[in-house]
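Visitor: Pasting a structure here, questions to come.
The values are calculated or read from the model by the stated rules, or taken from the named source; none is laboratory data. This one's a predicted model, so the numbers in the text were calculated from it and none came from an experiment. When we count neighbours, we look across all protein chains shown, and the Cβ atoms used for this are built from the backbone with ideal geometry, even at glycine. Keep in mind that these areas ignore ligands, DNA and RNA; they rest on the heavy atoms of the full protein, side chains included. Shrake-Rupley method; radii C 1.70, N 1.55, O 1.52, S 1.80 Å.
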Amino acid sequence: MAERFRVVGGTALRGEVAVWGAKNSALKLMAAALLAVGRTRLTNVPAILDVTIMAELLRRLGCTVDYDAPAGVVEITVPEQIGHRADYDLVRALRASTAVLGPLVARTGSADVAVPGGDAIGSRGLDLHAAGLEALGAQVHVTHGFLVAEAPNGLHGAEIRLDFPSVGATENVLTAAVLARGTTRLENAAREPEIADIADMLRSMGARISGAGTSVIEVEGVDRLSPTEHAVVPDRIAAGTWAFAASATRGDVEVVGANSAHLVAALELVEASGATVTDTDRGFRVDSGGRRPRAFDVATLPYPGFPTDLQPFALTCNAVADGSAMITENLFEARFRTVQELNRLGAETRIDGHHVMVHGVERLSGAPVEASDIRAGAALVIAGLVAEGVTTVSGAQHIDRGYAGFAESMQGLGADVTREPDEAPFL
Ligand code: UD1
């Protein structure tokens, strides 16, 4: 039965909220576990559907996977012989399934990974992933909806320069190069904390990697990796969600388990909105002082720039801010889906190419809206909090993919947010 979030507007978020490990790291670490025979244990794993899907993918490859969601633990036992195919039903459900590409080619000399279709946030190719693997000696082609990479004689080190610092391509090159013969130098690599996290885990498995977290990564291939235990890096996007939510709702929130050093660009803008950000023993605190946010301009960029995944929250904050702001999306083409739904709530916006002009209003006005992806969905729940009356956000399952217990977290901060069955659509 489809569900929606029901949000009663008017509450300033107050109190503390916990963040778990990053979804975007946990899924890749699970894929990287394929690189070593034996049992790898991950902790601080979020309790979200995407982890369940990745677990199923690894089982189909021959692994045993135990996922204790409440404890945040995933144990993956990888046999000597594993499969090399990721089917469309799983890749379609979880685009991050493509993270098995690098580990599978490295381990088995072959990978067939279904090509994901277009998704709600712009067209995302795999061309950089393919070019990286080709440079490492794999032959790559697309057939019958699968990207097939073959390296029957193994991979070799190479000098690779990415045309764009793609997160996914950096990860696949890294997870392939660790078992290649010789040295790989990857230039214009993505610098996200999740890349550094994967490199940390790979190093604890015996990989030789330097420079992860900077734009040049060097990898000296080794023959074999060993299983390990690793705690997932804190989720900076979930943490940033709460930071903007605190400012938008004129609240005061301590985000426990977060690392503010991974959110410098975002927290600068939270401060520009007028809130005070301070580090605490357990994370950081955002205190709006009960004031209406001030408008602030935003331009998304690869890390360490402002993350595209937080753009919907900056937009929502600006929708109720004092003044006008320009939001520029530089990473994904169509990532303004929050805008049309925010407009249903009375936001004043105008889209012009990859910019949105937002003129802040004092309060939004509650209405039924629909989540199109994880972040847009969570942003609309926050918009509901700064709207008069009741807002319902259909598509609760999107939010569940990125936030464990989102309604409970909201309730813990004093908000009237509940789940309820959704009406079946008219058609
Ligand atoms: C990851 C995150 C996503 C985040 C994004 C950017 C996961 C599961 N997802 O996605 O939440 O929004 O980083 O921070 O970790 N591109 C190409 N060709 C390629 C690869 C990418 O053209 O081969 C383009 C994409 O179309 C997009 C841009 O590069 O416009 C960024 O993509 P990328 O950095 O690869 O993001 P993902 O790894 O897909």
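Visitor: Considering only protein heavy atoms and a 1.4 Å probe, what is the carbon-and-sulfur percentage of the accessible area of the stretch 180-227? Kindly include the intermediate steps, with their values, before the conclusion.
Guide: Numbers: 780 of 2010 Å².
Percent of accessible area from carbon and sulfur atoms in the stretch 180-227: 39.
Visitor: Please report the net charge: other residues with Cβ closer than 11 Å to the Cβ of Ser210, K and R +1, D and E -1. Display every interim value, and only then the final one.
Guide: Details: positive: Arg185, Arg203, Arg208; negative: Glu218, Glu220.
Charge balance near Ser210 sits at +1.
Visitor: For Ala231, what residues show an amide H to amide H distance below 5 Å, using hydrogens built from the backbone and excluding near sequence neighbours?
Guide: For Ala231, whose amide H was placed from the backbone, the distant partners under 5 Å are Thr43.
Visitor: Something else: Only bridges with both residues in the chain count here: give the DSSP antiparallel percent, nearest 5. Don't skip to the answer; put the middle values down first.
Guide: On the way: 60 of 84 bridges.
That works out to approximately 70 percent antiparallel.
Visitor: Further question on the same structure: Does the stretch 274-393 come out rounded, prolate or oblate by the C-alpha gyration tensor, with a ≥ b ≥ c the root eigenvalues, rounded set by a/c under 1.5 and, if not, prolate when a/b is larger than b/c and oblate if not? Let's see the in-between values first.
Guide: Details: a/c = 1.43, a/b = 1.09, b/c = 1.31.
Rounded, since a/c falls under 1.5.
Visitor: Using a/c under 1.5 as the rounded threshold, could you call the stretch 45-100 rounded, prolate or oblate? The axes a ≥ b ≥ c are square roots of the C-alpha gyration tensor eigenvalues, and prolate needs a/b larger than b/c, oblate otherwise. Don't skip to the answer; put the middle values down first.
Guide: Working: a/c = 2.63, a/b = 1.17, b/c = 2.24.
Oblate.
Visitor: Could you state the accessible area per residue of the stretch 23-231 in Å², with a 1.4 Å probe and every protein chain left in place?
Guide: Computed with neighbouring chains in place, this is 38 Å² per residue.
Visitor: Once you sort the root eigenvalues of the Cα gyration tensor of the stretch 23-231 as a ≥ b ≥ c, which label holds: rounded (a/c under 1.5), prolate (a/b larger than b/c) or oblate (the other case)? Walk me through the intermediate numbers first.
Guide: Values: a/c = 1.31, a/b = 1.14, b/c = 1.15.
Taking the square roots of the gyration eigenvalues as a ≥ b ≥ c, the stretch 23-231 is rounded.
Visitor: Long-range amide H contacts for Glu348: which residues qualify at under 5 Å (H placed 1.01 Å from N, peptide plane, sequence gap of 5 or more or a different chain)?
Guide: His359, Val361
Visitor: Report, for the stretch 23-231, the % of DSSP beta bridges that are antiparallel, rounded to 5.
Guide: Details: 29 of 39 bridges.
So the antiparallel bridges in the stretch 23-231 amount to around 75 percent.
Visitor: Could you give each residue of the stretch 399-414 its phi-based ³J(HN,Hα) in whole Hz, using Karplus coefficients 6.51, -1.76, 1.60 with θ = phi - 60°, and x for Gly or Pro?
Guide: 5, 4, 6, x, 10, 6, x, 4, 5, 4, 4, 4, 4, x, 9, x
Visitor: Something else about it: Can you pull the accessible area of Val8 for me, 1.4 Å probe, Å² to the nearest 10?
Guide: Counting only protein heavy atoms, Val8 exposes about 40 Å² to solvent.
Visitor: Out of the GluC sites (Glu not before Pro) in the stretch 1-98, which ones are loop residues according to DSSP with at most 12 other C-beta atoms within 10 Å? Please list the in-between numbers first.
Guide: On the way: sites: Glu3, Glu16, Glu56, Glu75, Glu80; in loops: Glu80.
Loop-located and lightly packed - Glu80.
Visitor: How about the stretch 314-411: which chymotrypsin sites (Phe, Trp or Tyr not before Pro) there lie in a loop by DSSP and see at most 13 other Cβ atoms within 10 Å?
Guide: On the way: sites: Phe332, Phe336, Tyr403, Phe406; in loops: Phe332, Phe336, Tyr403.
Loop-located and lightly packed - none at all.
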